[in-house]
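The values are calculated or read from the model by the stated rules, or taken from the named source; none is laboratory data. These numbers come from a predicted model, not from an experiment. In this analysis, Cβ positions are derived from the backbone assuming ideal geometry, glycine residues included, and neighbour counts consider all displayed protein chains. Only protein heavy atoms, including side chains, enter the accessible area calculation; ligands, DNA and RNA are left aside. Shrake-Rupley method; radii C 1.70, N 1.55, O 1.52, S 1.80 Å.
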Amino acid sequence: MKPSETLLEIDLKALEHNYRFLAAKVKENVKKMAVIKAFAYGSDSVTLAKKLEALGVDYFAVAYTQEGIDLREDGITQPILVLHPQSTHFQEIIDHCLIPSIYSEFVLNHFITSAEENQQHDYPIHLKLNTGLNRLGFDPEEAPMILEKLKQTSSTKVDGIFSHFAASEDPKEKEFTQHQMDTFKKVSEKIIAHLGYAPLRHLCNTSGILNYPEAHFDMVRTGIGLYGYGNSKEIDQQLIPIGTLKTIISQIHHIKKGESVGYNRMFKATKDTKIATLPLGHADGINRIYGKQKTHVSVNKHLAPIIGNVCMDMIMIDISGIDCEEGDEVILFGKEKSAEDFAHNAGTISYELITSISQRVKRKIIP
Ligand SMILES: *Cc1c(COP(=O)(O)O)cnc(C)c1O
């Protein structure tokens with residue numbers, strides 16, 4: 001059946017395939033955390049969380065507090081780690097039984113105060129260590145300070161200790177990654193020795209799972225792999241993209257040599273050209289970087305370049321020589337046409353493309 005508008009189809013069988021593929025890469029006793037921040041990488045976080053819960057995921061992770069609240073309000077009961085909370089959110093974190101990532105002395109102080117004010121006992125937190133990414137996290141020298149503060153309160157308990165790789169997908173950075181691993185091991189062991197109990201240690205993202213089996217520790221965190229992309233051609237062949245972005249041809253024009261197309265007259269026809277207008281644009285997440293013939297869409301299995309400047313609600317494509325008519329389906333990316341290639345041709349990565357598909361685009365779940 002032809003679609004009647006722009007749709008992002010989300011295939012839950014593909015999700016199941018990817019989950020099982022990744023789960024098979026770790027030992028059975030290693031827990032699985034599904035990273036479903038940013039609307040589950042631009043798909044649908046609640047629907048995916050429910051499916052992943054049924055598949056046996058142990059933990060979820062989101063970036064911001066509100067994302068965790070949204071999951072709780074839709075009935076998700078598994079533990080949810082908030083990777084990047086602010087100290088002003090701690091009341092909401094506690095009210096919704098979310099686990100805060102504690103990444104600095106400032107947030108540690110504030111969280112202990114909130115937990116004590118709420119008469120909490122052993123409220124779970126995950127300590128985030130900075131092992132070289134230099135983004136969020138305690139530096140190794142701060143370990144004694146963390147331990148000292150934790151010793152003085154019974155309001156919280158360390159449920160996890162984690163860190164994040166800077167370049168786990170890049171074989172050229174193996175040495176750096178190894179150094180991150182060693183630092184994580186050393187600092188976490190020191191903390192655990194003083195705590196007297198063993199929190200879950202987790203370090204690997206998707207590429208870490210695939211490239212560094214020695215770094216799986218007690219839990220792994222997977223995002224992009226669940227959605228069907230693995231940061232390498234070889235892995236991409238074994239995963240299935242869960243999202244397919246499709247639309248339709250709104251109108252076809254036949255333009256003459258010398259005529260222009262779109263804003264700023266960015267495309268100029270060097271010969272008579274058949275073009276089509278599609279109902280999606282930069283407000284839907286197809287940013288201007290994808291225009292000017294940088295990328296192609298698929299029309300009846302033929303590739304057609306996006307020409308001229310991407311508009312807010314429309315793009316134009318060159319369909320010269322392609323047998324098609326108004327109302328026909330057009331595929332931007334998906335199973336047969338990788339979002340990684342689409343993104344790469346415009347100088348970006350699948351992560352950015354798929355998380356940018358805006359909330360205006362209707363999601364259609366394929367069970
Ligand atoms: C986003 C994120 C992940 C997921 O990474 P993928 O490469 O998508 O698997 C894991 N851990 C942290 C801390 C993150 O911010």
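Laid out as a table, the results:
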quantity: Cα-centred dipole magnitude for the chain, charges only on beta-carbon of K, R (+1) and D, E (-1), debye, nearest 20; calculated: 880
quantity: Selected from THR244, GLN293, ALA193, residue furthest toward positive end of dipole (the chain; charges at beta carbon); calculated: GLN293
quantity: Note, ³J(HN,Hα) from phi for the stretch 273-280, Karplus 6.51, -1.76, 1.60, rounded to Hz, x at Gly and Pro; calculated: 9, 9, 10, 10, 9, 10, x, 7
quantity: Protein accessible area in the chain, 1.4 Å probe - carbon and sulfur %; calculated: 50
quantity: Test item: Cα-centred dipole of the stretch 71-183, Lys/Arg +1 and Asp/Glu -1 on Cβ, debye; calculated: 100
quantity: Surface accessible to a 1.4 Å probe, per residue, for the residues of the stretch 172-279, Å²; calculated: 48
quantity: Projected-area average for the stretch 243-366 over all orientations - Cα convex hull basis, square nanometres; calculated: 7.2
quantity: Structure-based [θ]222 nm, the chain - -39500 (n - 2.57) summed over DSSP H runs of at least 4, per residue, nearest 500; calculated: -9000 deg cm²/dmol
quantity: Amide proton proximity set for THR131, modelled H, under 5 Å, gap of 5+; calculated: HIS164
quantity: Between the stretch 1-24 and the stretch 111-171, the Cα center-to-center distance that results, in Å; calculated: 35
quantity: 3J(HN,Hα) from dihedral phi, the stretch 308-324, Karplus parametrisation 6.51/-1.76/1.60, rounded to Hz, x for glycine, proline; calculated: x, 7, 5, 8, 5, 10, 8, 10, 10, 10, 8, 10, 4, x, 9, 7, 7
quantity: For the stretch 41-127: rounded, prolate or oblate by the Cα gyration tensor [a/c cutoff 1.5]; calculated: prolate
quantity: Kirkwood Rh, angstrom, the stretch 12-227 [1 / mean 1/r, Cα pairs]; calculated: 17.5
quantity: Dipole magnitude of the stretch 308-367 about its Cα centre (Cβ charges: Lys, Arg +1; Asp, Glu -1), debye to nearest 20; calculated: 480
quantity: Three principal axis lengths of the chain [C-alpha, angstrom, descending]; calculated: 78, 42, 38
quantity: In sequence order, calculated HN-Hα J values of the stretch 206-217 (Karplus, 6.51, -1.76, 1.60; Hz; x Gly/Pro); calculated: 3, 5, x, 4, 6, 9, 10, x, 6, 10, 6, 6
